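Structure first, then comments.
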Amino acid sequence: MKEKKWMRRSDLIVLVLLVVIAVAIGIYYAAKPKGPTATVTFASGAAQQKIRLDKDDVYTFAGDNNITVTLRVENGSIFFEDSQCPDHRCEGFGKLSREGDYAICMPAGVSVNIYAENS
């Protein structure tokens, strides 16, 4: 009389494939940016810059007319911390953190838009 095997070779292959797929999905979601992202756009046509809002940092950009702007990421939000523009209105926009929030420094030609990271 034949002894029944606990697991056949085909069962083992299916189990290994399922584990590999589960690990791949876990790595994908672990590497995926979390939360909103800011896009910094330049009127001069320079490439856009994406900034994740989950890590506090400071970014300085040279805008149009040799105007430098400083953006600060802090506690999941971004804001114009400093600008060399004449009116400093961009600094008054406050902290941007929700999808659809935006601010612009017209003299420097720098805008910041918030969107939810979907990819």
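Restricting attention to the stretch 8-17, does a residue exist that is open to solvent by less than 50 Å² (accessible area, probe 1.4 Å), more than 16 Å from SER111 (Cβ to Cβ) and not β-branched (Val, Ile, Thr)? No, the stretch 8-17 contains no residue that is open to solvent by less than 50 Å² (accessible area, probe 1.4 Å), more than 16 Å from SER111 (Cβ to Cβ) and not β-branched (Val, Ile, Thr).
Restricting to the stretch 83-119, name every residue that is of a type outside the set (Ser, Thr, Tyr) and assigned to a strand (DSSP E or B). I'd like the intermediate steps shown before the answer.
Step one: list which residues in the stretch 83-119 are of a type outside the set (Ser, Thr, Tyr), which gives 84-96, 98-101, 103-110, 112-114, 116-118.
If the condition is that a residue be of a type outside the set (Ser, Thr, Tyr) and assigned to a strand (DSSP E or B), then LEU96, ALA103, ILE104, CYS105, VAL110, VAL112, ASN113, ILE114, ALA116 are the ones that fit.
Scanning the stretch 82-116 for residues that are under 19 Å from LEU53 (Cα atoms) and open to solvent by 40 Å² or more (accessible area, probe 1.4 Å) yields ASP82, GLU91, PHE93, LYS95, SER97, ARG98, GLU99, GLY100, TYR102, ILE104, ASN113, TYR115. No other residue among PHE79, PHE61 is surrounded by 16 or more Cβ atoms within 10 Å (Cβ to Cβ), over 23 Å from ALA31 (Cα atoms) and touching a Lys or Arg at 6+ places or on another chain (Cβ under 8 Å) apart from PHE79.
What number of residues in the stretch 28-55 are of a type in the set (Phe, Trp, Tyr) and surrounded by 10 or more Cβ atoms within 10 Å (Cβ to Cβ)? Full working, then the answer.
So the first thing to find is which residues in the stretch 28-55 are of a type in the set (Phe, Trp, Tyr), and the list is 28-29, 42.
Remaining after also requiring surrounded by 10 or more Cβ atoms within 10 Å (Cβ to Cβ): 42.
The total comes to 1.
Taking the listed residues ILE67, ILE25, the one that is free of Cβ contacts under 8 Å to residues at least 60 places away in the same chain and open to solvent by less than 60 Å² (accessible area, probe 1.4 Å) is ILE67, with no other qualifying.
The values are calculated or read from the model by the stated rules, or taken from the named source; none is laboratory data. None of the values given here were measured: they were computed from a predicted structure. Neighbour counts run over all protein chains shown; Cβ positions are idealised from the backbone, glycine included. Calculation scope for accessible area: heavy atoms of the full protein, side chains included, ligands and nucleic acids excluded. Shrake-Rupley method; radii C 1.70, N 1.55, O 1.52, S 1.80 Å.
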